[in-house]
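The values are calculated or read from the model by the stated rules, or taken from the named source; none is laboratory data. Computed from a predicted structure; not experimentally measured. For neighbour counting, all protein chains shown are included, and Cβ atoms are generated from backbone atoms with ideal geometry for every residue, glycine included. These area figures cover heavy atoms from the full protein model, side chains too; ligands, DNA and RNA do not enter into them. Shrake-Rupley method; radii C 1.70, N 1.55, O 1.52, S 1.80 Å.
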Amino acid sequence: MTKDWIPLKELEDNQIIWAGTRVRLYGIGLNVVHKSDDFNEYLVSYIYDNDDNLQLTNLSQGEAGNIICIIKKDKPNHYSKASALKLVMHLEQTYVMLE
């Protein structure tokens, strides 16, 4: 894990989560040598013709394109908040890269 990845549980609830934010879920059970490689990575993105939610789309090899969940937008804005992400992801195993 690099220094740029922030544990989800450490984010303030009002932290803005934009489309394009990357999210990693660790400890998913991959058969890897190093535990640090046992993760799936997701991209927060818009949903076509859905103005109320954002989705987390898998970017990892073999799982790419799968959707793990949706999160509510902070309407009328075009972003979500960390509190919405915390409701749907494991707090202990999830890291976020804010760019």
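How many residues does region 14-56 hold that are of a type in the set (A, V, I, L, M) and over 17 Å from the mean Cα position of the chain (by Cα)? Within region 14-56, residues that are of a type in the set (A, V, I, L, M) and over 17 Å from the mean Cα position of the chain (by Cα) number 3. For region 1-34: of the residues being polar (S, T, N, Q) and under 16 Å from Val88 (Cα atoms), which is least open to solvent (accessible area, probe 1.4 Å)? Checking each candidate, the answer is Thr21. Note on region 56-74: among residues that are open to solvent by 50 Å² or more (accessible area, probe 1.4 Å) and in contact with an Asp or Glu (Cβ under 8 Å, 6 or more places away or on another chain), the one that is farthest from Gly20 (Cα to Cα) is Lys72. The criterion of being on the phi > 0 side of the Ramachandran plot and open to solvent by 50 Å² or more (accessible area, probe 1.4 Å) does not hold for Asp37. Taken over region 1-27, the residue count meeting the criterion of being in a loop (DSSP other than H, G, I, E, B) and touching a residue at least 40 places away in the same chain (Cβ under 8 Å) is 13. Take the residues in region 75-98 that are within 20 Å of Tyr48 (Cα to Cα) and touching a Lys or Arg at 6+ places or on another chain (Cβ under 7 Å); name whichever of them is surrounded by the most Cβ atoms within 10 Å (Cβ to Cβ). So the residue we want is Ser80.
Considering each residue of region 46-55 in turn, at least one proves to be out of contact with any Phe, Trp or Tyr (no Cβ under 8 Å at 6 or more places or on another chain), in a loop (DSSP other than H, G, I, E, B) and either modelled with pLDDT under 90 or surrounded by fewer than 16 Cβ atoms within 10 Å (Cβ to Cβ) (or both).
Scanning region 47-99 for residues that are without any contact (Cβ under 8 Å) to a residue 12 or more places away in the chain and small (Gly, Ala, Ser) yields Gly62, Ala64, Gly65.
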